[in-house]
Amino acid sequence: MHHNSTQVIGGIEKPRFLIVGDELSPNISFEESLSGVSGTASFSREFSASTPFLDYVLKIEDASTSEQQYVEITIETGMPVAEKRFIIYASIRNEADAGTGYVWCVFQGLSGTHEKQYTVDDAWKRLIVHEVVVPAGSAGTQLVYRIYPTGKAGGAAETGSVLIDDFHCRHVEVDYELPVPDNGRYNEAFPEIVQAEHRLANGSKKKYRRGYDFLYEAGYEKLTTSQEYVRTQIAQTDKEIVFFPHKDSANCYLVKWDKEFNREWAFGTAALGHKGDVFLQAQEIIYLLPTDIIDALSIYEYEDDLLYGGGDGYE
């Protein structure tokens with residue numbers, strides 16, 4: 001799938017780059033346990049044939065009409081959290097097979113703009129994308145991310161059930177923006193990488209996605225000195241980058257610089273700036289399947305007569 005930008009309204013297509021530290025999530029895909037998860041809501045590790053991220057998900061259910069229930073995911077960052085920026089991103093769907101609901105997410109114990117509400121339906125989407133700058137004076141090295149499977153306004157009377165998968169947390173070291181790419185010089189593609197595929201006992205097929213080979217290309221006729229510095233930093237960092245193709249969108253991808261650095265000096269159409277390109281390639285790799293499942297999928301049966309002799313020229 002490709003997207004070509006020919007018109008921009010309100011600057012929404014201005015790309016944003018977060019240079020980030022190592023993965024901090026205590027449990028990305030819930031394939032083997034519920035480590036890091038606690039709370040007052042009913043929660044469980046559930047098999048879900050619907051998830052694109054392997055087999056298991058975190059199910060959160062609030063069935064109470066007398067209190068608003070939640071789960072908390074405790075993240076040990078390994079650093080004092082005060083005055084540092086963090087980003088959470090995760091995929092979610094309404095547990096019901098139809099209809100929409102709400103989920104309310106809070107960085108527990110923090111003040112300021114630390115909460116968000118999302119509308120969820122029965123399709124898996126990366127909807128939870130939540131950043132926070134931890135206030136000065138906050139103690140400790142832990143973040144506690146609280147998820148209510150209901151909306152904030154509904155209060156204690158509201159009930160709901162959601163599924164969570166592919167849960168990530170990163171420390172944001174640098175936050176960059178570049179201008180909107182020039183018309184006709186902007187492309188995105190999303191090839192899917194499949195780790196394994198096999199047929200289940202009921203005859204249906206199960207596909208295990210390894211990730212998405214996201215590709216982003218953008219060209220600029222004129223970059224200012226400060227914008228060129230940003231592009232240089234993106235190209236030269238050895239850190240990973242959380243990339244928002246549209247800065248006001250929730251969609252983000254873990255990427256790296258894809259091609260050799262290139263730059264044209266300030267001549268011709270690039271007066272008062274540099275002409276240049278940005279090439280980004282995905283590193284969006286899904287948490288590995290448990291070893292026993294990988295081993296089971298690696299066993300194949302062959303008919304020796306066909307492959308290694310016994311006629312038809314295979315001798």
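The values are calculated or read from the model by the stated rules, or taken from the named source; none is laboratory data. Keep in mind it's a predicted model, so treat the numbers as computed, not measured. Neighbour counts are summed over all protein chains in view; Cβ atoms, including those assigned to glycine, are modelled from backbone coordinates with ideal geometry.
Against the numbered list (1) over 23 Å from V174 (Cβ atoms); (2) out of contact with any Ser or Thr (no Cβ under 6 Å at 6 or more places or on another chain); (3) of a type in the set (A, V, I, L, M, F, W, C), F86 comes up short only at (1).
Any residue at all in region 155-167 that's closer than 27 Å to E61 by Cα and part of a loop (DSSP other than H, G, I, E, B)? Yes. The residue that is nearest to T150 (Cα to Cα), among those in region 66-89 that are surrounded by 14 or more Cβ atoms within 10 Å (Cβ to Cβ) and among the charged types (D, E, K, R), is E72. Close Cβ contacts (under 6 Å, 6 or more residues apart or on different chains) running from residues in region 79-105 that are within 26 Å of F17 (Cα to Cα) and of a type in the set (D, E) to residues that are assigned to a loop (DSSP other than H, G, I, E, B) and at pLDDT below 95 comprise E83/A136. Inspection of region 182-192 finds a residue satisfying the criterion of being of a type in the set (F, W, Y), surrounded by fewer than 22 Cβ atoms within 10 Å (Cβ to Cβ) and in contact with an Asp or Glu (Cβ under 9 Å, 6 or more places away or on another chain).
Looking only at residues in region 14-56 that are among the β-branched types (V, I, T) and at pLDDT 95 or above, the one that is nearest to S161 (Cα to Cα) is T40.
Tell me yes or no: at least one residue of region 22-33 is assigned to a strand (DSSP E or B) and surrounded by fewer than 20 Cβ atoms within 10 Å (Cβ to Cβ).
no
Could you list, in sequence order, the residues of region 95-116 that are closer than 20 Å to H168 by Cβ, at pLDDT 90 or above and either not charged (D, E, K, R) or not in a strand (DSSP E or B) (or both)?
Across region 95-116, the qualifying residues are V103, W104, C105, V106, F107, Q108.
Of all residues in region 233-257, exactly one satisfies the criterion of being exposed (fewer than 15 other Cβ atoms within 10 Å of the Cβ), without any contact (Cβ under 8 Å) to a residue 60 or more places away in the chain and not charged (D, E, K, R), namely Q236.
When you scan region 151-161, do you find a residue that is closer than 26 Å to A282 by Cβ and surrounded by fewer than 16 Cβ atoms within 10 Å (Cβ to Cβ), even just one? Looking through region 151-161, none of the residues is closer than 26 Å to A282 by Cβ and surrounded by fewer than 16 Cβ atoms within 10 Å (Cβ to Cβ). Tallying residues that are in a strand (DSSP E or B), aliphatic (A, V, I, L, M) and at pLDDT 85 or above within region 172-214 yields 2. Taken as a whole, the condition of being under 27 Å from G21 (Cα atoms) and part of a strand (DSSP E or B) does not apply to Y220. Evaluating E158 against the criteria (1) at pLDDT 75 or above; (2) touching a strand residue (DSSP E or B) at 6+ places or on another chain (Cβ under 6 Å) leaves one unmet condition, (2). Of the residues making up region 242-294, those that are assigned to a loop (DSSP other than H, G, I, E, B), within 25 Å of G184 (Cβ to Cβ), of a type outside the set (D, E) and modelled with pLDDT of 60 or more number 8.
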